[in-house]
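Okay, structure first, notes after.
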């Protein structure tokens, strides 16, 4: 069965490229943001969260990105370093760009929204020439994230990272992470998502994200098999399509498909579920676990994060995930 | 002596036009922002602060401005209304603009800085056609603020407000409030500051702000008298030039000049000093007090605000200012 | 009566500030441009045409403007110099801007249109700091043109020119010349036209142009007297309002109004009529002729230009205008 | 050997996507443009020229592009139709964009330059959704041109065209045609040129253009074989690298390389040489001629065009090329 082979003899297990930003999470929750008076600051951004998740699970990790030359940027770099993430390729902006912000509003565990500040942000200013070939050459797994494709020059930096990963044999995972507000049009989005996806080994996204990528194709029934098959004709080996509450399905190139068990959680908010799932799943694949077991591990990590106030700071260690799975299985054996 | 005559029979005492934004003040102070974890949210923006100050002092007030169609914008409008400010001319943006933010960093009482978010902000999108002639027609005093001149269409909205104020006989005060980050060049700044200042009765600014306005003029000695005289040839009746620690001087059209007494304060931070001073001073003028007494009142209001954590929310009532002056005079009689 | 007093003891009679561009006039006329194969190149732009007109009439002239660093820009400077115009304040752009183009289409003498190229043009990049105070100080009459107000930094350069003209006592004429395509909105247009017009002694424009300036005012009947009166409250001494085929009316501050005699012409195209009229009229005022005689002189100059293929290159000498008037009067004495 | 197989049973032989613009060629040549007074108008743009060339040679052709809604745009569409080119996918812009212009300056046969107008041009506004799948599905050969990759949304329209061509089996030729002025940076250029080139069967460019594409690669000796080999790992079958006066070399996937014979010409100007060469060469390939014979045909077409005043309008018929080759061979048999 279809586990992915990762290259040997690399210094790093995992490198992510893309968004580094700040989450400002409402301290007074279960109410509209108008009634919130204080906020707590965390490092955020989907690839940052996943990278922190991988580091917590014990992986050797690094990040490729750009931060503002301000207090927020310095806070981010310091936090990554405190988590043992190699920041040698985190560049500091010199144009006066700001750090992206996400104010979170938690009206109820199931009614969460985000107020984004994404104008003139440093993370989208990473240049192709600032991506260091040696960090990509030295990793087993490279993760790219869709938001970094939204604008030049960050978009070219992602394509350059893909080029280096191909050149040096890294496995490539693509977390689609489509956020409409930084894109000019859906046509533009589809164009670059498809060009990037052609080069990736693992694709993870929602059904809606795959629909967006298929806007010039013929899949009126939103058929997962048709979606996955297309990518197996390029580089893909695993395509995960998330169907919200109905769960995720992993399609493998050998024709098999896999569903994950889900866990009960005491949900505080939904933010961070996808990022912790991705970290847990990719961690499992790197342990050469079967796809289904890797998915279960991702689900457990997600259950832990949605029970906490933050995303990045709540990413669990392997010990925490193992404990969680053990206790859950003890509670509801099936 | 030179008190200003305000028109009778107007519904409102005071209307301000311009910036409405959010201050996010560090809760953990006396340290760099990198070490700050939580922030408290307040309404901010120089003209907003002055307007709130005037309302607290008992004036009938209104505001002309634009807010984002989001939780921050709704918070601002609600706060203004809670302070009794007429928000009938506070327009809601429909373009997806955001609310300007100011993260404050208080390293020490004398070492304060601000991290600004001013890209794509709603307040700079106010249009000339959105300014209601009747609100300007119905006020005794109109306050404009320099930051609103930084970009179109807000710039034209300010000039339109000036046109209405002239047409209906309102006294006009101009708080220079020059913030370089929203301007393209100093030449552009000087051009529009001068065009606006020609039409104003009261000018309030720092020596550096007046220097910026004189970049195409011949005042190498930075002579206050020369600066003030120029504006008396246009519409000005009072020109206040602030010299930082050395205090402010008010020049009047009759040739007199005035200095304010200052007060001792237990300074937490310097933010808000200028705005509370302006509110207190303009309040005094509207009571037909002499210039020097009005300046003293402004200084007392400033002393109260710099002793508090916020700007807007700390604006004192007349009772608080009177008490403060009384106690200060009792403590150090001279 | 009501002639304008011009200052004595100046080096130059006339200086214009603003647009310098290229006209590409269809050689094959009386057909749509689709059927035109060859074009002839001329210097163009309303203030350039007026300045060339004044130079041809014998005035000492100069120009304040900016040209592209290319073959078109060099052609313009050379042509101005060949006409005896002082180009000491014609600056060369260093940003890669282009020269504005106007392709003219002459379907019939009364059906003419222009295809404009106004993106990234050098003339709108003139900066306030590039305007030389001494050239404005040394002229009797300064002409500004509305198109130069359309964008920064050219807009600020015009206001700086006005400031210098006021400082040194030059008479100021404002040729409204409103071209919608370079402006963002009519509100923005009205704002800066009004701010500029407040400072000018002579205003020349169409009824529609004055309507645009009155968009926030109350003149539903488009009453010329109301329009003119407003400006007499500021600096204006003469306001010319053009009513197309019904002719122009000049309103003077003393309450008088004046109409010009018009001349029969063998019309080739309508382009250039306004510019040649302005040159002839301003020339007349500078001779201390009565307003009506100055208007007649302008009409004669216009009649000559509309009978020719070009605008700038067809501007007549005083001898040509005098001959034309003499012959016209001989032909139809009244 | 190594001829390319084109699909059968298609309606069209050749479709080009990209730039449609206007050349304004100086009528008075062998002098600087400052001394030029009249210009003649032609359809221009590299893919337009190649498409016209193919049509003249007898191919069934079509064009995918966008024109301004003005006289220039209508002139272009009419000219294409007069040449028998299918304009069913030439879209008219509705945003007020202009037609790109190229003023040519011919100082001497070997000293030619171009003054470009490329701001806000219609051709770069073609959208992915405006590319008709059926026109790409119905052609044997699709030509893309590098300038159309310079900006969004035209860039995405090219990638969409490539996607359709892959889907329906069209052979794809890429004329690199790199023009720095429409690009933001060389890094951005390299990124999209490479992504496009990966999908193409035939690449045609200068050594300098291939160097630009290799800016993140290791080819310090500018080795043609190394350059060509890279592309054979993707889709390429033929890579033509032009070395200016030293001639062009065609590298084929089978390892062979080919040089073209060149022809003596009475050179008026160098413009159009590359486009006519491309048309002749691609025509040859479509006749299933050997590579060397196809190159010779291209050289002959180029020799004819450089002897004429225009580019597009001078594109020869097959009869003219055959005659030219015959006469040349007769004159200098070798």
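The values are calculated or read from the model by the stated rules, or taken from the named source; none is laboratory data. These numbers were taken from a predicted model, which means no experiment stands behind them. Here the Cβ is made from the backbone with ideal geometry for all residues, glycine too, and neighbour counts use every protein chain on show.
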Requested in this report: Collect the residues in segment A:186-215 that are at the interface with chain D (Cβ under 10 Å from one of its Cβ atoms) and surrounded by 19 or more Cβ atoms within 10 Å (Cβ to Cβ), keeping them in residue-number order.
Outcome: A:187, A:188, A:189, A:190, A:191, A:192, A:194, A:195, A:196, A:199
Report summary line: Scanning segment C:124-136 for residues that are in contact (Cβ under 8 Å) with a residue 40 or more places away in the chain and more than 14 Å from chain D (Cβ to nearest Cβ), the one surrounded by the most Cβ atoms within 10 Å (Cβ to Cβ) turns out to be C:126
Query - In segment D:300-309, the residues that are touching a helix residue (DSSP H, G or I) at 6+ places or on another chain (Cβ under 7 Å) and surrounded by fewer than 24 Cβ atoms within 10 Å (Cβ to Cβ) - result: D:304, D:306, D:308
Report summary line: Taking segment B:11-30 and keeping residues out of contact with any helix residue (DSSP H, G or I) (no Cβ under 8 Å at 6 or more places or on another chain) and either under 14 Å from residue B:102 (Cβ atoms) or more than 11 Å from every other protein chain (Cβ to nearest Cβ) (or both) leaves B:11, B:24, B:25, B:29, B:30
Query raised in the report: Within segment A:275-320, how many residues turn out to be within 21 Å of residue A:27 (Cα to Cα), touching a strand residue (DSSP E or B) at 6+ places or on another chain (Cβ under 6 Å) and in a helix (DSSP H, G or I)?
Result: 2
Report summary line: Those residues of segment C:68-119 which are under 30 Å from residue C:34 (Cβ atoms) and within 8 Å of chain D (Cβ to nearest Cβ) amount to C:70, C:71, C:72, C:75, C:98, C:101, C:103, C:105, C:115, C:117, C:119
Requested in this report: Could you run through segment A:257-281 and say how many residues are farther than 22 Å from residue A:198 by Cβ, surrounded by 18 or more Cβ atoms within 10 Å (Cβ to Cβ) and touching a residue at least 40 places away in the same chain (Cβ under 8 Å)?
Outcome: 11
Query raised in the report: Is it the case that residue C:50 is within 11 Å of chain D (Cβ to nearest Cβ) and buried (at least 24 other Cβ atoms within 10 Å of the Cβ)?
Result: no
Query raised in the report: Could you say which residue among B:60, B:82 is touching a strand residue (DSSP E or B) at 6+ places or on another chain (Cβ under 7 Å) and surrounded by fewer than 21 Cβ atoms within 10 Å (Cβ to Cβ)?
Result: B:60
**Report entry** Tally, over segment C:310-322, of residues that are surrounded by fewer than 18 Cβ atoms within 10 Å (Cβ to Cβ) and within 19 Å of residue C:272 (Cβ to Cβ)
**Finding:** 3
Query - Condition met for residue A:224 (touching a strand residue (DSSP E or B) at 6+ places or on another chain (Cβ under 7 Å) and without any contact (Cβ under 8 Å) to a residue 60 or more places away in the chain) - result: yes
Requested in this report: Inspect all residues belonging to segment D:112-121 and state whether any of them is under 26 Å from residue D:210 (Cβ atoms) and in contact with a helix residue (DSSP H, G or I) (Cβ under 8 Å, 6 or more places away or on another chain).
Outcome: yes
Query raised in the report: Would you call residue A:241 within 24 Å of residue A:118 (Cα to Cα), more than 14 Å from chain D (Cβ to nearest Cβ) and in contact with a strand residue (DSSP E or B) (Cβ under 7 Å, 6 or more places away or on another chain)?
Result: no
Query raised in the report: Do we find a residue being closer than 21 Å to residue B:162 by Cβ, at pLDDT 95 or above and over 19 Å from the mean Cα position of the chain (by Cα) anywhere in segment B:270-281?
Result: no
Report summary line: With criteria (1) crowded, with 24+ Cβ neighbours inside 10 Å; (2) part of a loop (DSSP other than H, G, I, E, B), residue C:95 comes up short on (1)
Requested in this report: Filter segment B:160-185 down to residues that are within 17 Å of the chain's Cα centre (by Cα) and facing another protein chain (nearest Cβ under 10 Å), then give me how many there are.
Outcome: 1
Query raised in the report: In segment D:248-256, is there at least one residue being surrounded by fewer than 17 Cβ atoms within 10 Å (Cβ to Cβ) and within 14 Å of another protein chain (Cβ to nearest Cβ)?
Result: no
